[in-house]
Structure formats: C-alpha cells, structure tokens
Amino acid sequence: MDFKENERSNDQRIFTGETEEVITKEMIKELWSSDLREMEESLGNRMKKRRYLSTFVLLALSAILGSIITIVAMHFYLPEIINLNEFKTNERETSLEIKTSVFTLVARKAMPSVVGITTIIEDRNEFMLEQNRGGLGTGVIVDDRGYILTNSHVISDGDVDKINVILHEGTIIEAEVVWQDRILDLAVIKVDAIDLPVAELGNSDLLEVGEIAIAIGNPLGLHFDRTLTQGVISGLDRMIPISSTETMDNLIQTDASINPGNSGGPLLNARGQVIGINTAKIKDGEGLGFAIPINIAKPIVSQIIEHGSFKRVLLGVRAVDVAVFEQVTGKDVEVSKGVYIIEVIENTSADLAGLRNDDVIIKMDGRETNTMQQFIRNLFTYKHGDKVELTVVRNNKEKVIVVEFIE
C-alpha cells in the first residue's frame, strides 16, 4: 500500500484496498470535533460518577468517624455525666432536706427528754364525798438521775397529793417535789430512775428576735402528747399580767403554738437546746405564747443537781414597789419605779454593804429593777459568795453599792 501526496490540492488520500476516499481538512476537523465531544461526554460522565462515588465515600467515612467519636466520648465521659447529674439531683434533694428537716432533727434530739406530768389533788365536794381533781402539764429532764424541770403551776405550787411522770417510752413513775417557786413559776421534781435522756440547756441571753423557736408539749391532754409546734422568737423581755396584782416579766415571746398542757415544756432553738420553759399564752390573741428564759432556771438546776436542794440568796431587806409605798403612805419618792427599802436587817448582806432605809434600788448589775418581782427574780441568778452591784437612789443621787451574798 502506497501513500501519495497531491501537491495541487494538499488533500490527503488514503487507499484502502479496492476503494479510495479523499479526506479533506474540513472532514478531519469535523471528525476530530465529533470524537472530542464523545470523549468529553464520556469523560464528563466518568467524572460525575467519580464525584458521586467520592461524595458517598466521604459521607460514609464521616458517619463512621462520627460514630466512633461518639462511642469513645460516651465510653469516657458518660459515667461522669451520669454521676454529675446524680450529684446535682442529690444536692437539690439534700438542700431541700436541710431546709425542711431542722424540726425533725430537733425533735429527734429533744423529744426523748420531754415528759408528761399528771397530778392528783384529793378533795371533798359539797356533800363531803372524796373527789379527786387532776391536772396535766409537761416537763423536761435536766439530769439523768431523774431531775425534771417544769412550771410551779403545773404541780399546783406543790399543793398536790400525787404526781406521775410519763417517760418517752410510756413508763409511768411517781415523782416528788424537790423545789418550787410561785413567783418564778418554776419547779423541780424528781423520779426514782437513772440513765434518763437529758436535754441540752442553751443560753437565753444570746437570743435574737427572728430566730427559730420550737415548742414541745402535751396540749389538751395526753391524746396529743409530745406535740411539736414551730415559730420564731417574736420578742424578748416581755411582761404580762397574771393577776390583778401580779405580773411576770423578762419573758420570751414566741408565735409557736402554746396551749393548756404545754406548760412546763421546753422552748428550743434550731440546735435542739432548751432556751425557755413554756409558761403562758394570751387567750385573746393568736400566736402570743411566752416562756421563762432558761438562764433564770440554770443556776437553780445546777445547785439542785449538785446539792440535792436549792437555797435562794437573801439581801436582807424589807422592801416594796415604789408605787405601792407612795399609795400606802401618801409620800412622794424621788423616782417613779424601783424597790423602796423600808428596813435593812442587821448583820445581813445589805447591812454589811452599807445599804440604808429609804434607799431605792433601781438596778442590779446594770439590769433595771422596777418592781419587787423583778428584784426577787434577779436574786435567783446568784448564789452564796457572789457579788452584785446595786444602783440605788439616795437623797436624789444615784449611788453604786457592791453587795456580797453571805449565808
């Protein structure tokens, strides 16, 4: 097969056996363009397929990689997340428990030391037939050998024939009166028992208005024994009338519910410490209950526990309220409130200290002493050998006299 070139036309000739075809430049370009389009279309299709495949592979790899990362993260961090959530839940629950269970914690601590007190007074009716009258109150154990603190009026100021004490577990034991004072409205009785649960006594001098106050007692009978009521310290150093001629002062006021039968029971703080002995309420008002500060009872209780009895110190004077003295004698006194000394008894603490007739005591260790009841209550806070600074008015001038309490 030969190849020849036609110089005149520059056409390319191809001899293929029996036939002969002449291919011009235009034909070559047309053939070339057609092949090129086919190649481009084929290449384009292949590229598209490759892009789709690449995208699919990339998505598949991303999904697999994401799953692996998720599994690893859950493996390492999920336990911590669960524990954290549990911690937060427990934290919330614990916080809620603390806020709502302070009263429960106080009850657990103090309730075993609270007792019920029943009294029997043998009497005769108008037909001279024997008739027993009963009373009910509350008390709190202050020594494991059976000493119990309560109100004097709970035991009818000692004028009872029988006193029974009901312990926390239900045991009933007969009790005897060790000491009582009607002016203070406090009493100590004793049962023949040992290893009894003892209440913790607090410090009533540190009280502030607004603190939590919790009362435990037997309101309206033993059917509601050891009822707990809660409130706050509503006021301090309160005075209330108890008769037409007598008052009680230096009392703690609380809105914790106090009802008949609560008398003699403890008033407690948030630590479960006894800060007062519940004694009275105002009948005409709700949430007006009163308690005797425990610091008045503490020196009495301490002396009874140590010596088995209590002996109050004596100043050695005969005295009355200034108002009473003015009313009886018609004389005017330099001050409107205080304790007017009518007579100083010889060889007593007052006499040895230099107190005189007509002196008016207005303060004891800086505490106001406006009435005889305040004066007597203040004396219960001292023991023999203690000293007290008395502020007296003498000849229209204030004078401080130091008195030592002797036997």
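The values are calculated or read from the model by the stated rules, or taken from the named source; none is laboratory data. Predicted, not measured: the structure shown is a model, and the values here were computed from it. So basically every Cβ, Gly included, is an ideal-geometry build from the backbone, and we count neighbours across all protein chains shown.
Quick check on region 205-227. Is at least one of its residues part of a strand (DSSP E or B) and free of Cβ contacts under 8 Å to residues at least 40 places away in the same chain?
Looking only at region 205-227, we keep the residues that are part of a strand (DSSP E or B), and these are 212-217, 227.
From the residues that got through so far, the ones that are free of Cβ contacts under 8 Å to residues at least 40 places away in the same chain too are 227.
The answer is yes, given that some residue of region 205-227 is part of a strand (DSSP E or B) and free of Cβ contacts under 8 Å to residues at least 40 places away in the same chain.
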If you scan region 308-360, which residues turn out to be within 29 Å of residue 179 (Cβ to Cβ) and of a type in the set (D, E, K, R)?
311, 312, 318, 321, 343, 346, 351
Say we look at region 249-284 and pick out the residues that are within 27 Å of residue 321 (Cβ to Cβ) and surrounded by fewer than 20 Cβ atoms within 10 Å (Cβ to Cβ); which of these is nearest to the chain's Cα centre (by Cα)?
250
Of all residues in region 322-333 being surrounded by 14 or more Cβ atoms within 10 Å (Cβ to Cβ) and out of contact with any Gly (no Cβ under 8 Å at 6 or more places or on another chain), which is nearest to residue 368 (Cα to Cα)?
323
Scan region 368-394 for residues that are basic (Lys, Arg) and either at pLDDT 95 or above or surrounded by fewer than 18 Cβ atoms within 10 Å (Cβ to Cβ) (or both) and jot them down.
383, 387, 394
Identity of the residue in region 342-367, in contact with an Asp or Glu (Cβ under 9 Å, 6 or more places away or on another chain) and more than 15 Å from residue 406 (Cβ to Cβ), that ends up surrounded by the fewest Cβ atoms within 10 Å (Cβ to Cβ):
366
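So is residue 298 at negative phi, in contact (Cβ under 8 Å) with a residue 40 or more places away in the chain, among the charged types (D, E, K, R) and not in a loop (DSSP other than H, G, I, E, B) or not? Even if it seems obvious, please write down each step before you answer.
Numbers: at negative phi: yes; in contact (Cβ under 8 Å) with a residue 40 or more places away in the chain: yes; among the charged types (D, E, K, R): yes; not in a loop (DSSP other than H, G, I, E, B): yes.
It is true that residue 298 is at negative phi, in contact (Cβ under 8 Å) with a residue 40 or more places away in the chain, among the charged types (D, E, K, R) and not in a loop (DSSP other than H, G, I, E, B).
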Can you tell me which residues in region 104-135 are modelled with pLDDT of 70 or more and either over 25 Å from residue 165 (Cα atoms) or of a type in the set (Val, Ile, Thr) (or both)?
104, 106, 114, 115, 117, 118, 119, 120, 121
Read through the list (1) crowded, with 16+ Cβ neighbours inside 10 Å; (2) farther than 30 Å from residue 234 by Cα, then give the number of the only condition that residue 135 fails.
(2)
If you go through region 309-323 one residue at a time, how many are part of a helix (DSSP H, G or I) and either modelled with pLDDT of 90 or more or in contact with a strand residue (DSSP E or B) (Cβ under 7 Å, 6 or more places away or on another chain) (or both)?
1
Only one residue in 237, 249, 321 is in contact with a Ser or Thr (Cβ under 7 Å, 6 or more places away or on another chain) and of a type in the set (Asp, Glu). Which one?
321
Going through region 395-404 in order, the residues found to be among the aliphatic types (A, V, I, L, M) and surrounded by fewer than 18 Cβ atoms within 10 Å (Cβ to Cβ) are 400, 401, 402
For region 261-280, state whether one or more residues are among the small types (Gly, Ala, Ser), in a loop (DSSP other than H, G, I, E, B), more than 20 Å from residue 218 (Cβ to Cβ) and touching a residue at least 12 places away in the same chain (Cβ under 8 Å).
yes
Within region 161-168, does at least one residue satisfy the condition of being farther than 23 Å from residue 377 by Cα, in contact (Cβ under 8 Å) with a residue 60 or more places away in the chain and not β-branched (Val, Ile, Thr)?
no
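Could you tell me whether region 146-156 includes any residue that is surrounded by fewer than 15 Cβ atoms within 10 Å (Cβ to Cβ) and over 13 Å from residue 276 (Cα atoms)?
Taking region 146-156 as the starting set, the residues that turn out to be surrounded by fewer than 15 Cβ atoms within 10 Å (Cβ to Cβ) are none.
There is no residue in region 146-156 that is surrounded by fewer than 15 Cβ atoms within 10 Å (Cβ to Cβ) and over 13 Å from residue 276 (Cα atoms).
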Going through region 158-190 in order, the residues found to be under 16 Å from residue 278 (Cα atoms) and either of a type in the set (D, E, K, R) or touching a strand residue (DSSP E or B) at 6+ places or on another chain (Cβ under 8 Å) (or both) are 180, 181, 182, 184, 185, 186, 187, 188
Of the candidates 264, 221, the one satisfying the condition of being modelled with pLDDT under 85 and not hydroxyl-bearing (Ser, Thr, Tyr) is 221
